[in-house]
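J.: Pasting a structure below so you can have a look.
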Amino acid sequence: MNTIKKLPLNITDKATEKIHHVIKTKKNENLKLRIYIIGGGCNGFQYEFMLDSKKNTNDTIIKKSNVYLIIDPISLQYLMGGTIDYKEDLEGSKFIISNPNAKSTCGCGLSFGM
């Protein structure tokens, strides 16, 4: 497990607050937000999020304030320099990733192409 002091991925205060709130409602302080990328979506790759307490050997742990993100090494290479935000509007609520590495993104912001 790698813990990084300089963040390869930025997390907004709004996203940090939401992650903390979700974990608090689960009543399990060992949970962290896992962010990973899978093939699929309308642009080739898709962002996925899940709560996880399991850390794999090569996972990178990113800490901001009182929350932790877990990212596997393959996903991290696609997310470097990006920003995670949390958005609530008339369409609903979701985590959004602004990814400078993406060549194209879909309208919903959940998939991207390289």
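The values are calculated or read from the model by the stated rules, or taken from the named source; none is laboratory data. Note that this is a predicted model, so its numbers are computed, not measured. Note that we place each Cβ from the backbone using ideal geometry, even for glycine, and neighbour counts take in every protein chain shown.
J.: How many of the residues making up the stretch 64-94 are of a type in the set (A, V, I, L, M), in contact with a Leu (Cβ under 9 Å, 6 or more places away or on another chain) and free of Cβ contacts under 8 Å to residues at least 60 places away in the same chain?
T.: Residues that pass the stated criteria total 2.
J.: So, one more: Do we have residue 78 as modelled with pLDDT of 90 or more and hydroxyl-bearing (Ser, Thr, Tyr) here?
T.: Judged against the criteria, residue 78 is not a match.
J.: Okay, next question. Could you check, for the stretch 38-54, whether at least one of its residues is surrounded by 14 or more Cβ atoms within 10 Å (Cβ to Cβ) and touching a helix residue (DSSP H, G or I) at 6+ places or on another chain (Cβ under 8 Å)?
T.: Yes, because at least one residue in the stretch 38-54 is surrounded by 14 or more Cβ atoms within 10 Å (Cβ to Cβ) and touching a helix residue (DSSP H, G or I) at 6+ places or on another chain (Cβ under 8 Å).
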